[in-house]
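Working notes, structure below.
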Amino acid sequence: MTTYKPTAIRAARITALIAASMAALASLAAPAMAAETAKAAATGSAEAGAAKSATCLACHGPNGNSVNPEWPVIAGQNARYMAEQITLIRDGKRPNLLMAPIVKGLSDQDILDIAAYFATQTPTGHEADPSFWQAGEKLYRGGDAARGIPACLACHGPVGRGNPAAGYPALRAQHAVYAVKQLSDYAGDLRYTKDEKGHVQAGPNSQMMLAIAARLTAEDRRNLASYIQGMR
Ligand code: HEC
Ligand code: HEC
């Protein structure tokens with residue numbers, strides 16, 4: 001039996017995960033994407049969601065443009081990603097003491113409707129920090145092959161609009177403070193809770209960011225988040 005050093009296992013696992021996620025990305029054939037879009041479009045009603053979204057505005061701001069930088073902008077985020085995240089928060093798999101009580105009573109249909117509503121809104125957002133965004137842009141657009149960091153734009157898009165069909169989140173106009181926290185939480189395995197066996201309780205999409213964020217330094221996070229905040 002071969003014994004591996006924990007660091008070697010982690011590095012191999014991360015490399016395999018990134019390879020798998022990039023392969024999954026490449027194989028997103030057009031018919032599959034069309035089917036996913038049709039599925040997502042069939043499920044939530046933005047009109048019904050508008051009426052159910054009043055309780056969200058206290059924190060997420062008018063139309064989902066939050067003022068407090070710790071609370072994410074959800075205006076214009078894709079519906080598939082939002083519905084997944086609200087469900088994870090409701091079910092206690094993504095810890096969120098502030099929001100969990102608010103979404104506790106929502107049905108799956110309520111969540112789809114509310115997500116459809118916020119997806120139709122426009123993010124306003126803030127400027128990028130002039131000291132850091134250029135370094136962030138370089139990493140966002142080009143990645144860093146030497147450190148095994150893929151280009152963020154491969155999944156989050158050239159101007160941070162994400163990939164709605166695949167449920168990859170939009171990042172444009174997101175608060176830098178919030179983005180830094182998410183990248184740190186992924187890296188520290190804190191974004192999601194674990195089951196009794198130690199498995200992260202989240203969707204298959206979460207594995208990609210857990211792997212990628214583990215390779216970023218604190219400076220990378222600051223630079224990337226600054227660039228993200230200024231993207232439109
Ligand atoms: C009391 C404040 C509060 C209220 C009310 C609230 N949220 Fe949140 N929400 C938060 C915070 C804080 C986070 C991010 C926590 C973290 O750092 O992970 C969040 C995260 C989210 C996310 C994940 C965003 C992302 O980019 O991953 C979504 C989607 C969301 N909220 C939707 C809603 C909806 C829909 C409602 C209303 C039904 C709502 N929230 C009500 C505070 C709130
Ligand atoms: C292989 C595809 C892929 C690549 C490459 C990628 N991401 Fe992600 N990213 C995702 C997915 C999928 C999610 C949602 C994961 C989940 O379910 O938690 C995500 C989530 C995020 C979030 C949290 C969003 C939110 O609203 O909470 C941030 C911030 C982020 N990524 C930044 C980056 C940065 C910066 C890079 C480049 C260093 C990057 N990502 C590269 C797929 C990717």
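What ranking, highest mean first, results for peptides 58-67, 108-117 when packing means the other Cβ atoms within 10 Å averaged over each residue?
Those peptides, ordered most packed to least, come out 108-117, 58-67.
If r is the Cβ-Cβ distance from residue 122 to residue 199 and R0 is 35 Å, what FRET efficiency results, to the nearest 0.05?
0.40
Please report 82, 209, 99 as a ranked list, fewest other C-beta atoms within 10 angstrom at the top and most at the bottom.
Taking fewest neighbouring Cβ atoms as first place, the list is 99, 209, 82.
Which three extents, in whole angstrom, do the alpha-carbon atoms of the stretch 126-181 cover along their principal axes, largest first?
Here the spans come out as 34, 31, 20 Å, largest first.
Show which aspartates and glutamates lie in cross-link reach of residue 194 when reach means a straight Cα distance below 14 angstrom and same-chain residues fewer than eight apart are skipped.
Filter leaves 91, 185.
Past 28 Å, Cα to Cα, is the threshold; run 104/197; 104/181; 93/181; 52/93; 93/138 against it and keep the listed order.
From 104/197; 104/181; 93/181; 52/93; 93/138, over 28 Å: 93/138.
Over all directions, how big on average is the projection of the convex hull of the alpha-carbon atoms in the stretch 112-229, in square nanometres?
Result: 8.2 nm².
Using modelled amide H (1.01 Å from N, peptide plane; none on Pro or chain starts), what sits under 5 Å from the amide H of residue 168, excluding residues fewer than 5 places away?
The list, which skips near neighbours in sequence, is 163.
Show the residues, 5+ positions off or on another chain, whose built amide H is closer than 5 Å to the amide H of residue 149.
Sorted by chain and number, the residues that satisfy this are 144.
May I ask you to work out the translational diffusion coefficient for the stretch 44-124 at 20 °C, viscosity 1.002 mPa s, via Stokes-Einstein with Rh from the Kirkwood sum over Cα pairs, reported in whole µm²/s?
Translational diffusion coefficient: 175 µm²/s.
FYI, it's all coordinate maths here, none of it is from the lab. Here the structure is a predicted model, which means the values were calculated and not measured. Reconstructed Cβ throughout: ideal geometry from the backbone, glycine too, with neighbour counts over all protein chains shown.
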